[in-house]
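Participant: Starting off with a structure, shown below.
Each value in this text was obtained by applying a stated rule to the coordinates, not by laboratory testing. The structure presented is a predicted model; accordingly, all values stated were derived computationally and were not measured. Backbone-built Cβ (ideal geometry, glycine too); neighbour counts: all protein chains shown.
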Amino acid sequence: MEKIPYGKHYIDEDDIQSVVNVLRNAPLTQGPKVEEFERTVADYVGAKYAVAVSSGTAALHLACMAAELGQGDNVITSPNTFVASANCVLYVGATPQFADIDADTLNISPVSLSKKCIKLGKVAAIIPVHFGGLPCDMPEIKEIANQYGAKIIEDASHALGATYPHGGKVGNCAHSDMTVFSFHPVKIIAAGEGGMITTNDESIYRKLLRLRSHGINKLDDEFECHEEAFSEGATNPWYYEMLELGFNYRITDIQAALALSQLGKLSQFLQKRRQVAKTYDNVFNGLKNIVPAQLVGRENNAHHLYVVRIQFEKLGITRRQFMNKLIERGIICQVHYIPVHLQPYYRNLGYKRGDYPITEYYYQQALSLPEYYSLSSENQYRVVDLIKAIVT
Ligand SMILES: Cc1ncc(COP(=O)(O)O)c(C=O)c1O
């Protein structure tokens, strides 16, 4: 029996050839494929600049550094996200804060965000997460951010290919300073591991290039130490300067080649994901005790996740029992997400149950069903038929 996970990458011969070409002919890292990947993503989303890095987590970390966040800075994100969206705030010594989600979009609620900003008084940055691939209300978030002079870093790890309701592709940074993507294999395109930051700000771009590679000078950064940099009236050929404390967050050309090849199939991927979502929507319409979450903005959504809310107690079954019935038949669903503030590490920082009731209530009901490009219609109906049998 073929296993059906909640998410899965899709690799074809072109992807394999693309990687093999790098292995045979090109630099393995710091070569032309990385730049081509950056240019392709920047052009696709409509941003001026893009910097590719080793993961979405690295992208978030560097974005927080480039936004110059640090000790004493409040940074607000959604509690309904992967821990990376909040951890990046801790990496730079700033304070993660949360604002509850909207029950319909499952994204950070502009109303809660506004209340949180008023309560905190000072807000250095906001990290809205486009949960499941559904874009947040960026004009509204930008308006709130402006009142506090807060920067905005969009976590679009789920949302490559998504579009804003007001127009434009997620990542164009029309209402933010930076946008971050992840290319982990369960995401819209796979690079093995990989991430990207897009921005329209040249100084942020230059800083990101440095931070990705130890804080060493890039492009035409001026040398600070002239007596080391120059001799006999010319630049010393071995010379480089470390200008700030950076990391090795580089992505390889092998990964970039895979991601580039995957990008060629992006519209195909998105179309199929949309179709999978539509089929589920149609099937669950009218069923009791199970409802598709995030029904709003279906046409804008990149459909990384397909999430349903299930009234387990009304069905007389626990989520664990429900998931086990599916697992017995080879169907492996997941829950997105355990609210970040309920993680032991965050509880130890003082966050507690009850702080974000809409997120917590949603979490009790959440289940992510299989949603990926190569999900066959037959397998999707295996999922649907079994779920219908359990809930009816
Ligand atoms: C919302 C969100 N942000 C950030 C990340 C981190 O991305 P990566 O796994 O590429 O480090 C993830 C990964 O699952 C994510 O879901």
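Participant: Output the 0 to 90 degree angle, nearest 10, between the alpha-carbon long axis of helix 253-263 and the longest principal axis computed from the alpha carbons of the chain.
Facilitator: That helix lies at roughly 50 degrees to the long axis.
Participant: Quick one: Karplus J couplings for the stretch 80-93, per residue in order, coefficients 6.51, -1.76, 1.60, θ = phi - 60°, nearest Hz, x for Gly and Pro?
Facilitator: So the Karplus estimates, Gly and Pro as x, are 9, 7, 6, 3, 4, 5, 9, 4, 4, 5, 5, 3, 9, x Hz.
Participant: Using the beta-carbon distance between GLU378 and TYR240 and R0 = 41 Å, what value does 1/(1 + (r/R0)^6) give for FRET efficiency, to the nearest 0.05?
Facilitator: Efficiency at R0 = 41 Å is approximately 0.15.
Participant: Shifting gears a bit: Compute the distribution of all C-alpha to C-alpha distances in the stretch 158-304, in bins of 10 Å from 0, and list the percent of pairs in each, rounded to whole numbers.
Facilitator: Spelled out per bin, shortest first, that is 10, 27, 28, 18, 10, 5, 2, 1, 0.
Participant: Can you give me the Rg/Rh ratio for the stretch 1-69, using Cα atoms for both radii and the Kirkwood formula for Rh?
Facilitator: Numbers: Rg = 16.1 Å, Rh = 15.0 Å.
Dividing the radius of gyration by the Kirkwood radius yields 1.07.
Participant: For LYS151, enumerate residues with amide H under 5 Å from its amide H, sequence gap 5+ or separate chain, H modeled in the peptide plane.
Facilitator: When sequence neighbours closer than 5 places are left aside, the close amide H contacts are ALA125, ILE126.
Participant: Next question. Grab the Cα-Cα distance for GLU2 and ASN248, subtract it from 0.36 nm times how many residues apart they are, and report the gain in nm with one decimal.
Facilitator: Numbers: separation 246, 0.36 × 246 = 88.56 nm, distance 3.92 nm.
Full-extension gain reported as 84.6 nm.
Participant: Would you mind checking the tilt of helix 266-284 against the longest principal axis of the Cα atoms of the chain, expressed as 0 to 90 degrees and rounded to 10?
Facilitator: Rounded to the nearest ten degrees, it is 20.
Participant: Once amide H atoms are placed 1.01 Å from N in the peptide plane, what residues at a sequence separation of 5 or more from LEU367, or on another chain, have their amide H within under 5 Å of its amide H?
Facilitator: Amide H to amide H, under 5 Å and 5 or more residues apart or across chains, LEU367 pairs with VAL308, ILE310.
Participant: Sticking with this one: Using the Karplus equation 6.51 cos²θ - 1.76 cosθ + 1.60 (θ = phi - 60°), what ³J(HN,Hα) coupling, rounded to whole Hz, does each residue of the stretch 230-241 give in order, writing x for Gly and Pro?
Facilitator: 10, 8, 6, x, 9, 6, 5, x, 8, 7, 8, 10
Participant: Counting only other residues whose beta carbon sits under 11 Å from that of TYR362, what net charge do I get with K and R as +1, D and E as -1?
Facilitator: Numbers: positive: ARG309; negative: ASP100, ASP102, ASP104, GLU360.
Residues near TYR362 contribute -3 overall.
Participant: For the ranges 221-233, 375-387, what's the packing order if you count other beta-carbon atoms within 10 Å of each residue, average per peptide, and put the highest first?
Facilitator: Details: 221-233: 10.3, 375-387: 16.5.
Ranking the peptides 221-233, 375-387 by packing returns 375-387, 221-233.
Participant: Can you order the peptides 313-325, 88-100, 180-192 by their average number of other Cβ atoms within 10 Å per residue, highest first?
Facilitator: Working: 313-325: 13.2, 88-100: 20.9, 180-192: 24.7.
Most protected by this proxy first, the peptides run 180-192, 88-100, 313-325.
Participant: Which of ASN200, ASN25, ASN236 moves most in a GNM of the chain, Cα contacts under 10 Å?
Facilitator: ASN236
Participant: Could you work out the percent of alpha carbon pairs in the stretch 256-302 separated by over 16 Å, rounded to a whole number? Each step should come with its number before you reach the end.
Facilitator: Values: 536 of 1081 pairs.
The calculated P(r) of the stretch 256-302 puts 50 percent of pairs beyond 16 Å.
Participant: Tilt of helix 110-120 relative to the longest C-alpha principal axis of the chain, in degrees (0 to 90, nearest 10)?
Facilitator: 60
Participant: Related question: Mind grabbing the base-10 log of I(q)/I(0) for the stretch 183-222 at q = 0.33 Å⁻¹? Debye formula, identical points on the C-alpha positions, no solvent, two decimal places.
Facilitator: Once normalised to I(0) and log-transformed, intensities are -1.02.
Participant: Something else: Going by average Cβ neighbours within 10 Å, how do the peptides 61-71, 116-126 rank, with the highest at the top? Walk me through the numbers before you get to the answer.
Facilitator: Numbers: 61-71: 21.8, 116-126: 18.1.
Output ranking for 61-71, 116-126: 61-71, 116-126.
Participant: Taking the Cα atoms of the stretch 266-391, report the difference between the largest and smallest coordinate on each principal axis, in whole Å and largest first.
Facilitator: Extents along the principal axes: 46, 36, 26 Å.
Participant: Okay, moving on. If the stretch 111-191 were replaced by its equivalent ellipsoid, with semi-axes equal to the square roots of 5 times the Cα gyration tensor eigenvalues, what would those be, largest first, whole Å? Provide the component values of the computation, followed by the final result.
Facilitator: Values: eigenvalues 119, 32, 22 Å².
The answer is 24, 13, 10 Å, longest axis first.
Participant: At 37 °C and 0.692 mPa s, grab the translational diffusion coefficient of the chain from Stokes-Einstein with a Kirkwood Rh over Cα pairs, rounded to a whole number in µm² per second.
Facilitator: Here the translational diffusion coefficient equals 149 µm²/s.
Participant: Just name one of TYR249, VAL22, LEU375: the one whose Cα is farthest towards the positive end of the charge dipole of the chain (beta-carbon charges, Lys/Arg +1, Asp/Glu -1).
Facilitator: LEU375
Participant: Sum -39500 (n - 2.57) across every DSSP H segment of at least 4 residues in the chain, then divide by the residue count to get the 222 nm mean residue ellipticity, nearest 500. All intermediate terms of the calculation are to be shown ahead of the outcome.
Facilitator: Working: 15 runs with 156 residues, N = 392.
The helix contribution divided over the chain gives -12000 deg cm²/dmol.
Participant: ³J(HN,Hα) across the stretch 201-218 via Karplus (A = 6.51, B = -1.76, C = 1.60, θ = phi - 60°), whole Hz, x for Gly/Pro?
Facilitator: Working through the residues one at a time gives 9, 5, 5, 5, 4, 5, 5, 4, 4, 5, 4, 4, 10, 6, x, 7, 3, 9 Hz.
Participant: Given H placed on each backbone N at 1.01 Å, which residues far from ILE332 in sequence or on other chains put an amide H within less than 5 Å of it?
Facilitator: Those qualifying (amide H under 5 Å, at least 5 residues apart or on another chain) are ILE4, TYR6.
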